[in-house]
Structure formats: C-alpha cells, structure tokens
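None of the figures in this text is laboratory data; all of them are computed from the coordinates on show. Remember, predicted model here, so these are calculated numbers, not experimental data. When we count neighbours, we look across all protein chains shown, and the Cβ atoms used for this are built from the backbone with ideal geometry, even at glycine.
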C-alpha cells in the first residue's frame, strides 16, 4: 500500500447523521476514491473536536462504544450505533510514533467514539468494518501544537493508517440562533472565511494559516473557541511537509456551519 493521504472533514451538527445532503455524498465519494486508489486502511485514526485533553491520549478500547454526546435532538439519533472495532495494537504503535517525535502520549482503554468520529464515518465507511482509534485534541497549544501533532502522525500514513481530522470550518453557534431570528440568511463571513482558508491552503501558506485569528477576515468570529478548527491543522500536518490541499467539498449547513472538506496528499 502506498502512502495514504490525510483528511479533514466537517462533521456538522449531530443531525448530519440523519440528513447527509451533499456533504455526506462528498464524504462517501471520497471514501470510495481512497479505497479504489489505496485499498482498505489497516485502521482509521480520528482527531475530533469533541475530545480535548491536556495530554495527547490514544483510545485503545477493543470495542469502542458509540457516544451520544449531545442532547435535545431527535430520538432517532440516539438509536444509531457505529460498531467498528478498536485496535489496541495500533494504539500502541501510535504512542510510539508520537513519542519518537517528542510528544508524550497516554492510552485510554475505555474511550468510545464521540459524534465527531462516528457521524462522518457512518457516511464514509457505513459497514464499520475498519478499526477506529480516537485520538484526543490538545487544545491548549493552538494551531502550532495541532500541526506538530499531525506531523508526528504523518509516518503512520505510510503504514496503511488513515488520519482524519474532524471539526468544522466555521463554528459560531450563537450566530445560528441569530441567523434564524434575522430571517434565515447565512452571514457573509461564513463564506468569506471559508474561501480565505481555501486560498491559504492552496498556497501552502503555513505562516498565515497558523495566525488565522489575526491574518484572516473574521477568524475570531468564525471560531470564538478553536477546538473545531484545530483538527484541520492536524490533518494538514499529517499530509506531510509538501502536501497539496484539495478542497473536495464546499457548502454550508444550518446557516452558519461551513462544511468544507479537504484531502492532503
């Protein structure tokens, strides 16, 4: 198997599991493209915005549970399960790769799959027949630390492991409520920030990407907190130093959530 690319996917609201729309179709198409070009991965490592820890932590459950880490949604969501197996042996391999890059890492043998993991994987690999390993996000270090984490994971892509960052290109839920109250229109900043990000990624402009909160239009507004964008930097780092970014989906769900997705190869 040749070196796998890495992915960033926007996982949207939990209801994305029930209503995939064009973003879900784009994820299905990308998964089919990867399987055709590279074969079935040994395992999938997902860094989700919904598992933040002080120290990088690798999930090593043999059968990770489906975590319904949300409330107030349709009952049908709570009946969904993503029964992929874990891969404790691969988790140990990941820890070794991180340690070799100078990043300390812990193992959690109980961690399940939060909705940032299982919702996009339901669309990409609906048979749940590839082992899945959740990896925590060290949110306190910002984009620079997330990029370093991705670079430490990059060697795994040459060993048949698919690295996926799962978050959102924009994530201001306060604006969701305001947008509905103001007539159901998507605010202009959503597309403007998404396009700025796409242009910087196309140019491999790491300096301005890392400083997006100051260098971009609306960076702080698009992300009042950073956890939903940091997985993008993990995926970027995992793609390798000279990787090419391809935006394979662009769109907006729920008025304010830019659902753009990228492959880095």
Exercise. For region 1-101, what size does the Cα cloud have along each of its three principal axes, sorted from largest down, in whole Å?
Worked result: 44, 34, 22
Exercise. So what is the relative contact order of region 46-192, in percent, for Cα pairs below 8 Å that sit 6 or more residues apart?
Worked result: 36 percent
For this session: Along each of the three principal axes of the Cα atoms of region 119-265, give the extent in whole Å, ordering the values from largest to smallest.
Result: 50, 38, 27
Exercise. By average Cβ neighbour count within 10 Å, what is the ranking of 214-227, 120-133, 42-55 from highest down?
Worked result: 42-55, 120-133, 214-227
Exercise. Alpha carbon centre of region 153-169 versus region 71-111: separation in Å?
Worked result: 13 Å
Problem set entry | Gap separating the Cα centres of region 205-232 and region 19-49, nearest whole Å | 25 Å
For this session: May I ask you to derive the relative contact order of region 6-264, considering only C-alpha pairs under 8 Å and at least 6 residues apart, and to give it as an integer percent?
Result: 31 percent
Exercise. Please state the Cα pair-distance histogram of the chain with 5 angstrom bins from zero: what percent is in each bin?
Worked result: 1, 6, 14, 19, 21, 18, 12, 6, 2, 0, 0
Exercise. Which percent, nearest 5, of DSSP beta bridges in the chain are antiparallel?
Worked result: 35 percent
Problem set entry | the chain - mean residue ellipticity at 222 nm from DSSP helices (-39,500 (n - 2.57) per run, n ≥ 4, rounded to 500) | -11000 deg cm²/dmol
